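Before any comments, here is the structure.
No lab work stands behind these numbers, since they all come straight from the coordinates. Keep in mind that what you see is a predicted model, and the values were worked out from it rather than measured. With ideal geometry, Cβ positions are generated from the backbone for all residues, glycine too; neighbour counts draw on all protein chains shown.
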Amino acid sequence: MIKQNVIIAEGLSKIFGNFVAVDHISFEVAKGEIFGFLGANGAGKTTAMRMLCGLSTPSSGKATVAGFDLFKDTEQIKKSIGYMSQKFSLYEDLTIRENIQFYGGIYGLSKKQIQDKTAYLVDHLHLQNYQNSLVKSLPLGWKQKLAFSVAIVHDPAIVFLDEPTGGVDPVTRREFWELIYDASERGITVFVTTHYMDEAEYCNRVSIMVDGRIEALDTPNNLKKTYNSLSMDEVFLKLARKAARGE
Amino acid sequence: MKQFFAFVKKEFFHIWRDKRTLFILLGMPITQIIIFGFALTNEVKNSKMAILDFSKDAASSQLVQKMSVSKYFDATTVLTSYQEVLPVFKKGKVKMILVIPQHFANDLQHGNQGHIQLICDGSDPNVANTLSTYASAIIKDFQSAIVKEQKLPYRIETDIRMMYNPELKGAYSFVPGVMALILMLTSAMMTSIAIVKEKEMGTMEIILVSPLRPFGVVIAKAIPYMILSMVNVATILLLSVYVLDVPIRGSLLLLLSEGLLFTITSLALGLLISSITDSQQVAMLISLMGLFLPTTVLSGYMFPIENMPLPLQVMSNLVPAKWFYSIVKTIMIKGLGLSYVWKETLILIGMTVFLFGLSIKKFKTRLS
């Protein structure tokens, strides 16, 4: 089977004034892959991700996302991606059910689809007793799992996760990653930025950004071999130390 | 379209969940109308008055009697000498003193000339002015009654009539003003806060990544507040007709359409505010300082624009509320039709189109 690439970036750059936030990055992400996008603070990973989501216009380069051109077909891209930001992205004053209905609604799902999705998610996340409680009453870990499920409620080709597990305990993080594996098995490509190196190990492939450039891109095992390290932590430190930019 | 309604529905949930704000929004017109209609009235009723009557004859007591039965004055204090005048004012016991000199009846009958002195507490010039006008009117009335009785050949009568507002009711100018104020507040401030809140919460990013078009997002956010504003217009009109006895002399349909137009103008302003700031506090401050203040001060309903210095008069033309206030007054109080307010209406439409254009342009599709 030929690997199908859902994200292809070629020489993508973003320049703010004199500052080159993202410097000619090129990479491909295959369908269903869990692609880890690592880098120290200020390395440019969030900017790169925002470009791929259509939130920010690239200064130069080429890219296709879900088979659509990043410059010409942003509307098509928007329909085929899901996004979960660093900031927690559900409406706190809405119930779980209403949040699912809202996001299903703005992605144009039919009433029937929304009903089925809601039933499935409530069951899958074991939220039966809470479906009509306001989101603000839920613990953070639950909110994040729910936010992820809502981000893929319309079965997008790709889901972008921007540091999705900030501030939660390792157990919840592990559960969160089980949801990510589920999504990947259903053919959804997962593009994830993270600070946690244990999470980097869960990815199929990892890219590490330093000063706006991609310094390394491979499977976690190959990276460890290349950099002669025992863990991703070590790999990351070896690469990130080269950074000229501060935080 | 379905996406759009999903969004509008969500907005209603936000408003509905925040019961306190909803309560304030719907209660504000009621309290404002009550406050402006009853407490802040510039009519003067039952003002305390002192009498200094040196003649104590039939004519003088008749005049005192006439004054104190009127609803404007309450003769509460009787003085006996001029020495008591200052202390009474200093204590703030009375607003006006009626001084009747000696031989009042005699002078009237034989000299055909009576003198009366009114001393008013000028520390509140508006009240003093009103009181002296009322008192003079009563005295004139008294005088003409005497003249009639005695069938003398001449009589002086001044007939003052107030057009549109014969009783000079304050509510006639407050109702249109309150309407402008409330619409400005609910539409502009609440919309700007609602949009900025999404930015603060981080949900705006998610929405911008979604296939919803920015224009749709903006309209969907505004619709619930438009509906709320129209409820407020209805409340204000009902209260003014049934509680304050302010009539709607012109076409109700025209009045409501103009209300809707002004609501849209305010919404456009709210959108513009939300596009220049990312914090709810700033949005609220800009709304209060930038909208509330000019609306109260420069729209003409509290202070007459004609009396302002020229630069302020010119500035007042930029305040949408000024035009709306004039439209509502013309339709509601004067009972005139569109042919008298088309100019103001066109100006409002122009402002609305301009503001909407500007805010849509500023509302960034891409947050870069």
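Scanning residues 5 or more positions from B:Leu79 or on other chains, those with amide H under 5 Å from its amide H are B:Ile51, B:Leu52, B:Asp53, with H placed 1.01 Å from N in the peptide plane.
For every helix of n ≥ 4 consecutive DSSP H residues, a contribution of -39,500 (n - 2.57) applies; sum these over chain A, divide by its total residues, and give [θ] at 222 nm rounded to the nearest 500 deg cm²/dmol. Before the final figure, lay out each step's value.
On the way: 9 runs with 91 residues, N = 247.
My calculation for chain A gives -11000 deg cm²/dmol from helical runs alone.
When the alpha-carbon atoms of region B:253-368 are used, the pair Rg, Dmax equals 15.5, 52 angstrom. Derived scalar couplings between HN and Hα for region B:3-20 equal 4, 4, 5, 4, 5, 4, 4, 4, 4, 5, 4, 4, 5, 5, 5, 8, 4, 5 Hz in order, rounded to whole Hz, by the Karplus curve 6.51 cos²θ - 1.76 cosθ + 1.60 (θ = phi - 60°), x for Gly and Pro.
Report relative contact order for region A:1-125 in percent, whole number only (criteria: Cα-Cα under 8 Å, sequence separation at least 6).
Details: 140 pairs, mean separation 25.5, N = 125.
Result for region A:1-125 is 20 percent.
When B:His14, A:His195 are ordered from fewest to most other Cβ atoms inside 10 Å of their Cβ, what list results?
Numbers: B:His14 18, A:His195 14.
So the residues, fewest neighbours to most, are A:His195, B:His14.
Ignoring lysines fewer than eight residues from A:Lys238 along the same chain, the ones with Cα atoms less than 22 angstrom from its Cα are A:Lys45, A:Lys224, A:Lys225. The string of couplings for region B:221-227 from the Karplus curve (6.51, -1.76, 1.60, θ = phi - 60°) is 5, 7, 4, x, 6, 5, 5 Hz, one whole number per residue in order, with x for Gly and Pro.
List the trypsin sites (Lys or Arg not before Pro) within region A:22-85 that DSSP assigns to loop and that have no more than 15 neighbouring Cβ atoms inside 10 Å.
Numbers: sites: A:Lys31, A:Lys45, A:Arg50, A:Lys62, A:Lys72, A:Lys78, A:Lys79; in loops: A:Lys31, A:Lys72.
Here the sparse-neighbourhood loop sites are A:Lys72.
Given B:Lys10/B:Lys361; A:Lys143/A:Lys242; A:Lys79/B:Lys221, which pairs have Cα atoms separated by over 29 Å? Could the numbers behind the result be given before it?
Numbers: B:Lys10/B:Lys361 24 Å; A:Lys143/A:Lys242 37 Å; A:Lys79/B:Lys221 21 Å.
In this structure, A:Lys143/A:Lys242 lie more than 29 Å apart at Cα.
When you filter the GluC sites (Glu not before Pro) in region B:172-210 for DSSP loop state and at most 14 other Cβ atoms inside 10 Å of their Cβ, nothing is left.
Taking amide H atoms as placed 1.01 Å from N in the peptide plane, the amide H of A:Leu109 has no partner under 5 Å among residues 5 or more positions away or on other chains. 3J(HN,Hα) along region A:218-223, derived from phi through the Karplus expression 6.51 cos²θ - 1.76 cosθ + 1.60 where θ = phi - 60°, amounts to 5, 6, x, 5, 5, 4 Hz, with x in place of Gly and Pro.
Can you work out the FRET efficiency for the pair A:Glu234 and A:Glu175, with r the C-beta to C-beta distance and R0 = 30 Å, to the nearest 0.05?
Details: r = 27 Å, r/R0 = 0.89.
Once rounded, the FRET efficiency stands at 0.65.
Arranged from fewest to most other beta-carbon atoms within 10 Å of their beta carbon, A:Ile34, B:Ile273 become A:Ile34, B:Ile273.
In terms of surrounding Cβ atoms within a 10 Å radius of their Cβ, B:Val328, B:Val231 rank from fewest to most as B:Val231, B:Val328.
The residue list A:Ala40, A:Ile77, A:Val29 was ranked by how far each Cα lies along the charge dipole of region A:28-78 toward its positive end, using unit charges on Cβ atoms, and A:Ala40 comes out on top.
A straight Cα-to-Cα reach below 17 Å connects A:Lys31 with the aspartates and glutamates A:Asp69, A:Asp155, A:Asp182, A:Glu185, A:Asp218, residues fewer than 8 places away in its own chain not being considered. Using a cutoff of 8 angstrom between alpha carbon atoms and counting only pairs six or more residues apart, the relative contact order for region A:136-205 works out to 37 percent.
Between the helical axis of B:58-69 and the longest alpha-carbon principal axis of chain B there is an angle of about 20 degrees. Using a simple spin-label model with pseudo-atoms 7 Å out from Cα toward Cβ, B:Gln102 and B:Phe215 lie 8.8 nm apart. The lysine pair tally for region B:47-149, using Cα distances under 16 Å and a gap of 8 or more places or different chains, is 10. Shown is the FRET efficiency for A:Glu92 and B:Phe23, computed with R0 = 22 Å from the Cβ-Cβ distance and rounded to the nearest 0.05: 0.65. In this rough spin-label picture, where each label sits 7 Å from Cα along the Cβ direction, the B:Asp74-B:Ser279 distance is 5.0 nm.
Computed on region B:47-149, with alpha-carbon pairs under 8 angstrom and 6+ residues apart, the relative contact order is 31 percent. Backbone amide hydrogens, once placed in the peptide plane, bring A:Val22 within less than 5 Å of A:Lys14, excluding anything fewer than 5 places away on its chain.
The simple Förster model, with R0 at 25 Å and r as the Cβ-Cβ distance, assigns B:Lys334 and B:Asn46 a FRET efficiency of 0.25. Residues of region B:208-237 falling in the label zone of B:Trp16, defined by backbone nitrogen less than 14 Å from a point 7 Å along Cα to beta-carbon, are B:224.
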